[in-house]
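The values are calculated or read from the model by the stated rules, or taken from the named source; none is laboratory data. Quick caveat, the model's predicted, so the values are computed rather than measured. Because the Cβ atoms are built from the backbone with ideal geometry, glycine has one as well, and the counts that use them run over all protein chains shown. The protein model used for the area step is the full one, side chains on, heavy atoms only, and it has no ligands, DNA or RNA in it. Shrake-Rupley method; radii C 1.70, N 1.55, O 1.52, S 1.80 Å.
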Amino acid sequence: MELSTSRPRVLGWLRSAAILDGDWGTSIAYVLGIAFFLAGYESGWHLMMILVLTTMVALNYVTICRLYPNGGGVYSSVSHRSRNLAVIGALLLSADYVVTASLSVLDACHYFALGDPAIWAIGIIMAIGLLNWFGPRHAGTLATAISLATLATLIVLMAAAFPAAVSRADLEPPTGGLLENWRIFAGIILSISGIEAISNMTGVMKDPERSSKRAILAVLAKIGLATLILGFAMLAIPAMDRSAHKEEMIRFLGETYVGGWFGPIVGVIMGFLLVSAGNTAINALTSIQFLMAVDGELPKPLRKLNNYGVPIFPLVIATAIPIIVLIIIHDVITLSHLYAIGVVGAIFINIASTATDKTLKVGTPSRMFMLVSASVLFLIEATIAYEKHEALMFAASVLVVGLAAREIARRQAGPKEIIEAVPPPRPYLGVRPGEPITF
């Protein structure tokens, strides 16, 4: 088996933005409903603060992508400083991928308005795993169609909802004190999930610095505009029950502001987008296991390929664990808690490591900005760990299992076997939503 250590640079900024939007941009499907569930008509303030944090993180990743043109994901960017910290970051990112698959597909079933959504979600994840067994599929055309349909749907919805958003939004002042509002803020942190994908793409970009910056700013603008307009339109609906539409708020807004006929259209389009995001997460989890095994950080059997060139055990694990999660937990709110602890931890490690690396050419203002951002993320991570015990147990379980597997890999390595640590260019390879990864 011949293993490559580099990949051709084929991505321009437009395709990079499309890939990033398919990961980062899908958070809009559940952030609004979760925010309203947690804070009701006070949620507008929390959504605006989340956008401030999202902007901070995005600007930090503009710097990270500039510094790591061959791949700036947490695993590769931290490896030269600490292999242990890099593996921890990769495991936290893996925890994020697991819950991304579970949460995205479950929420898709709510958007589809299927009965017993958890059962349907388990079946869909099984189907995704089965399809990916047969190797790469050229699904770029379908993924592009889904992305364009989603964009068109959101434009129609935002245009219809804009008058109500600017004139009738009920923006109630926050109550409950600083600690309570901070807890709510930490609970809707999902809007930063997916930003790590752009740093993993720089290794396949034609012009990493320029393309990554344009892609990040374009998707940030789209997320910010959609969150503000649709979030305020949500607050313009009077006397709404907090828990009534926490899983499919965008579909409900479509029914309210365009018409009952538009709701099912929104549901189908957003549902397929979320299934596509779940497929991307399963592929990313398969890929990161395989690449860590190639790098000697996980046992060798994870490198075994089937006849279609797909890693057998990584695919089985990447399919089975989200199903197990859904068997235990099948509500969107609890899954969102599990989701946040992994992605915030991985982003914190990446930003903090970059900010404290004196060998990198980073100006003092940028370095200080990264340190402030890392401090905020650390406080959010600590809050989630303290408030959400199930999230802490989940993250700890992933770390324990992953580090134990790493120790097994090291013990299996003979004394004469020297494993050259070549950090992969990116654990989440450059694919469109729904397009399986080529190994």
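Of the conditions (1) over 14 Å from Glu381 (Cα atoms); (2) crowded, with 19+ Cβ neighbours inside 10 Å; (3) at pLDDT below 90, Val343 satisfies every one except a single condition; which number is it?
That leaves (1) as the condition not met.
Please verify whether Gly40 is closer than 19 Å to Leu157 by Cβ and more than 17 Å from the chain's Cα centre (by Cα), treating the condition exactly as stated.
no
Can you run down the residue pairs with Cβ atoms below 8 Å, 6 or more apart or on separate chains, where the first is in segment 348-376 and modelled with pLDDT of 95 or more and the partner is open to solvent by 60 Å² or more (accessible area, probe 1.4 Å)?
Listed pairs, sorted by first residue: Phe369/Leu59; Leu371/Thr356.
Just wondering, is there one or more residues in segment 294-301 that are in contact with a strand residue (DSSP E or B) (Cβ under 9 Å, 6 or more places away or on another chain), at pLDDT below 95 and among the charged types (D, E, K, R)?
no
What do you reckon, is Val332 farther than 24 Å from Val74 by Cβ, surrounded by fewer than 24 Cβ atoms within 10 Å (Cβ to Cβ) and touching a Lys or Arg at 6+ places or on another chain (Cβ under 8 Å)?
Here the answer is yes, as Val332 does meet what is asked.
Under 7 Å by Cβ, and 6 or more places apart or on different chains, what pairs join a residue from segment 224-244 that is within 15 Å of Val156 (Cα to Cα) with one that is basic (Lys, Arg) and open to solvent by 50 Å² or more (accessible area, probe 1.4 Å)?
none
If you check Leu235, Leu228, Leu217, which single one turns out to be open to solvent by less than 50 Å² (accessible area, probe 1.4 Å) and among the aliphatic types (A, V, I, L, M)?
After ruling out the rest, the residue left standing is Leu235.
Select from segment 256-288 the residues that are open to solvent by 20 Å² or more (accessible area, probe 1.4 Å) and either at positive phi or outside any loop (DSSP other than H, G, I, E, B) (or both) and list them in ascending order.
Listed by number, the residues that qualify are Thr256, Tyr257, Pro264, Ile265, Val268, Ile269, Phe272, Val275.
Can you name the condition, by its number, that Met393 falls short on among (1) modelled with pLDDT under 90; (2) closer than 18 Å to Ser336 by Cβ?
(1) is the only condition that Met393 fails.
Which residues, taken from segment 119-143, are modelled with pLDDT under 90 and either surrounded by fewer than 17 Cβ atoms within 10 Å (Cβ to Cβ) or of a type in the set (Lys, Arg) (or both)?
Leu131, Trp133, Phe134, Gly135, Pro136, Arg137, His138, Gly140, Thr141, Leu142 - these are the residues of segment 119-143 that are modelled with pLDDT under 90 and either surrounded by fewer than 17 Cβ atoms within 10 Å (Cβ to Cβ) or of a type in the set (Lys, Arg) (or both).
Check off (1) at pLDDT below 85; (2) surrounded by 15 or more Cβ atoms within 10 Å (Cβ to Cβ) for Lys206 and give me the number that stays unchecked.
(2)
Given the conditions (1) without any contact (Cβ under 8 Å) to a residue 24 or more places away in the chain; (2) open to solvent by 50 Å² or more (accessible area, probe 1.4 Å); (3) within 30 Å of Ile384 (Cβ to Cβ), which single one is not true for Gly177?
(2)
Please list, ordered by residue number, the helices (runs of 4 or more DSSP H) wholly in segment 15-79 having 3 or more residues that are touching a residue at least 60 places away in the same chain (Cβ under 8 Å) and over 16 Å from Gly203 (Cα atoms).
Helices (runs of 4 or more DSSP H) meeting the threshold: 28-39, 43-67.
Could you check segment 197-213 and list, in sequence order, the residues that are under 19 Å from the mean Cα position of the chain (by Cα) and farther than 20 Å from Tyr75 by Cβ?
Selection gives Lys213 alone.
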